[in-house]
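As structure tokens, the structure follows; a few thoughts come after it.
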Amino acid sequence: SSDSDYLIVSTVFKGTEAPLIAVVPTKRVGIKVNNDWNHFGQRQTDSGSITFENVPVYNADILAAVPPNKEFLKVRSTIANFLITHIMLGITKGAINEALQYVSTKTRPRFAQDSSAVDDPYIQRHLGQFHIQYKAAESLILQTTTIFQKAWDNIWNLTEEEKISIQNSIGIAKAFVTEAGLDITSRIFDVMGSRATSNTYRYDRFWRNIRTLSMHAPIDYEIQRLGSWTLKNHKNHHDLEEDK
């Protein structure tokens with residue numbers, strides 16, 4: 001919100017409890033962005049608090065009412081999760097690219113007989129594993145994007161089954177990307193070496209950013225929900241396999 005031009009504000013009408021969603025300029029009178037987000041990662045984000053005091057909202061600010069499809073409305077909360085998942089994938093890719101560049105130009109070989117750290121089989125193995133983890137995460141996100149787009153196109157005709165499919169796909173992608181990202185951004189130092197920990201490079205920013213993003217909606221709850229859904233739907237899956 002500290003960098004925004006507009007804010008999406010939600011409230012309810014007193015008495016009727018009818019929802020109201022409005023888009024208002026961040027600089028409108030009565031709005032104060034407190035700039036109190038100062039954590040160790042993702043500092044320039046929309047986190048932090050805002051104070052509203054007698055903020056005028058005009059008819060032109062209010063978003064139109066939407067058809068009463070509860071399933072589609074429930075998808076809204078998954079969009080932020082999916083957005084964060086894409087960002088974490090990008091951070092992970094950035095970390096791998098930095099590690100590749102550093103190893104190719106600065107990492108010293110551990111053994112005298114090696115002319116370059118690029119020839120070190122252990123470094124090669126670590127980088128190979130990073131590549132596998134990244135490509136698996138990327139594939140999950142691409143697959144989920146296709147499912148999400150199909151459901152979004154179906155919009156107000158979205159069924160409960162389709163909504164659950166979206167939630168599950170996004171949950172799986174986010175859980176995998178979070179764990180892979182945290183692992184890779186921590187282990188890039190295994191291939192770069194101790195000099196890469198210098199504050200000159202700030203390579204720790206990749207881990208800090210993913211760690212901060214991952215706490216906005218901890219994956220433990222998502223994994224538990226997926227586990228509960230799997231257990232409850234195990235019989236249905238078994239019956240489907242028998243029918244085939």
Between 0 and 90°, nearest 10: helix 121-154 axis offset from the chain longest Cα axis: 20 degrees
Helix-only [θ]222 nm of the chain, DSSP H runs n ≥ 4, -39500 (n - 2.57) each, per residue, nearest 500: -20000 deg cm²/dmol
Relative contact order [Cα under 8 Å, 6+ residues apart], the chain, whole percent: 21 percent
Footprinting exposure proxy for I223, I166 (fewest neighbouring C-beta atoms within 10 Å first): I223, I166
Gaussian network model of the chain, springs between alpha carbon atoms under 10 Å - residue of L213, L182, L83 with greatest fluctuation: L83
Restraint check, K27/K163; K27/K174; K74/K232, Cα-Cα greater than 30 Å: K27/K163; K27/K174
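Nearest 5 is fine: what % of DSSP beta bridges in the range 1-154 come out antiparallel, could you say? Don't jump to the answer; show the numbers that get you there.
On the way: 11 of 11 bridges.
Given both bridge residues lie in the range 1-154, the antiparallel proportion sits at roughly 100 percent.
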FRET efficiency for I147 and S115, using Cβ-Cβ distance with R0 set to 45 Å, rounded to 0.05: 0.40
Euclidean distance of C-alpha centroids, the range 120-157 and the range 158-211, integer Å: 12 Å
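Let's test the formula: R0 of 30 Å, r as the Cβ-Cβ distance of S198 and N38. What FRET efficiency results, to the nearest 0.05?
My answer for the efficiency is 0.80.
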Computed Rg/Rh of the range 6-61, alpha carbon atoms with Kirkwood Rh: 1.05
Gyration tensor verdict on the chain (Cα atoms; rounded if a/c is under 1.5, prolate if a/b is larger than b/c, oblate otherwise): oblate
Ranked list, fewest to most other Cβ atoms within 10 Å of each Cβ, for T144, T78: T78, T144
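Taken together, the values in this text are just the output of simple stated rules run on the coordinates, not laboratory data. Only a predicted model underlies this, so the values are computations on that prediction, with no experimental measurement involved. A quick note on method: Cβ atoms are made from the backbone with ideal geometry, for glycine too, and the neighbour counts reach across all protein chains shown.
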